[in-house]
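**Student:** One structure is given below, represented as structure tokens, and several questions about it will come after.
The values are calculated or read from the model by the stated rules, or taken from the named source; none is laboratory data. Given the structure is predicted, the values throughout are model-derived calculations rather than measurements. Don't worry about glycine lacking a Cβ; one is built from the backbone with ideal geometry, like all the others, and counts go over all protein chains shown.
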Amino acid sequence: MSAAWNHNIHYHGRMLRAVPANCGLALDVGCGYGLLARKLVSRCAGVVGIDRDAACIASARAAAAGDSRIEFVEGDVLTHRFGDRCFDFVVAVATLHHLPLRAALVRFAELLRPGGVLAVTGLYRPETMTDFANACVAWPVSRVLRSVKRYEEMGAPVQLPRESLREIRSACGSVLPGAEVRRLLLFRYSLVWNKPAAG
């Protein structure tokens with residue numbers, strides 16, 4: 001049977017390629033059913049998945065039962081106390097548009113250790129002719145992929161994005177200097193930021 005597919009899973013590989021070498025602890029923000037977290041343990045010593053949805057966390061815990069490398073937390077990443085843990089890698093797939101943009105970016109940066117990496121696959125509100133042209137190409141591609149792959153519903157709560165790609169780039173420019181923001185085909189963008197090393 002082919003692997004599950006949807007617009008978010010489609011970009012898991014891009015997120016996994018952003019994991020830094022010798023990654024210790026990773027944080028999966030908005031982990032949903034924990035699919036990406038379970039993939040991350042092949043590249044990280046440990047993974048914490050956090051989500052506000054109790055049903056998602058229950059499913060994630062059940063799917064990863066017996067794997068001591070993964071911990072799933074029901075909570076809000078903006079307020080949850082992680083103790084003195086800092087993360088080598090923070091990832092968020094289709095999560096950032098559920099949060100206040102700048103506050104979330106600041107929080108992600110705080111949770112990263114110096115030299116750590118933030119990787120985001122996010123949704124944006126179409127605003128420009130380029131945005132709409134990209135969507136016109138993405139729709140038929142999406143339909144074809146959905147017909148030939150084993151489509152899986154998102155499952156977690158869905159919310160339309162508020163910010164445009166221009167607004168997201170502006171926020172990154174002030175909060176995460178040097179962040180790379182790229183438009184992706186399937187109604188998504190990617191954000192990768194390397195936190196400067198201390199000193």
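**Student:** So which residues in region 72-106 are of a type in the set (Gly, Ala, Ser) and in a loop (DSSP other than H, G, I, E, B)?
**Tutor:** GLY75, GLY83, ALA94
**Student:** Name every residue in region 1-50 that is among the charged types (D, E, K, R) and within 16 Å of LEU111 (Cα to Cα), in order of residue number.
**Tutor:** Passing the criteria: only ASP28.
**Student:** For region 104-117, indicate whether the set of residues that are modelled with pLDDT of 95 or more, over 23 Å from ASP51 (Cα atoms) and either among the aromatic types (Phe, Trp, Tyr) or surrounded by 12 or more Cβ atoms within 10 Å (Cβ to Cβ) (or both) is non-empty.
**Tutor:** Yes, there is a match, as at least one residue in region 104-117 is modelled with pLDDT of 95 or more, over 23 Å from ASP51 (Cα atoms) and either among the aromatic types (Phe, Trp, Tyr) or surrounded by 12 or more Cβ atoms within 10 Å (Cβ to Cβ) (or both).
**Student:** Evaluate the following for ALA104: is it within 29 Å of VAL41 (Cβ to Cβ) and among the aliphatic types (A, V, I, L, M)?
**Tutor:** Yes; evaluated as a whole, the condition is true for this residue.
**Student:** Restricting attention to region 126-159, which residues are under 19 Å from the mean Cα position of the chain (by Cα) and without any contact (Cβ under 8 Å) to a residue 40 or more places away in the chain?
**Tutor:** VAL158
**Student:** Going by what's in this entry, would VAL48 be described as among the aliphatic types (A, V, I, L, M), in contact with a Gly (Cβ under 8 Å, 6 or more places away or on another chain) and modelled with pLDDT of 95 or more?
**Tutor:** Values: among the aliphatic types (A, V, I, L, M): yes; in contact with a Gly (Cβ under 8 Å, 6 or more places away or on another chain): no; modelled with pLDDT of 95 or more: yes.
No; evaluated as a whole, the condition is false for this residue.
**Student:** Mind checking which residues of region 78-95 are under 22 Å from PRO196 (Cα atoms) and of a type in the set (A, V, I, L, M, F, W, C)?
**Tutor:** Correct list: LEU78, PHE82, CYS86, PHE87, PHE89, VAL90, VAL91, ALA92.
**Student:** For region 144-156, state whether one or more residues are modelled with pLDDT of 95 or more, surrounded by fewer than 17 Cβ atoms within 10 Å (Cβ to Cβ) and either under 30 Å from ARG52 (Cα atoms) or in contact with a strand residue (DSSP E or B) (Cβ under 7 Å, 6 or more places away or on another chain) (or both).
**Tutor:** The answer is no, given that none of the residues of region 144-156 is modelled with pLDDT of 95 or more, surrounded by fewer than 17 Cβ atoms within 10 Å (Cβ to Cβ) and either under 30 Å from ARG52 (Cα atoms) or in contact with a strand residue (DSSP E or B) (Cβ under 7 Å, 6 or more places away or on another chain) (or both).
**Student:** When region 107-126 is examined, which residues are found to be out of contact with any His (no Cβ under 7 Å at 6 or more places or on another chain) and assigned to a loop (DSSP other than H, G, I, E, B)?
**Tutor:** Passing the criteria: TYR124, PRO126.
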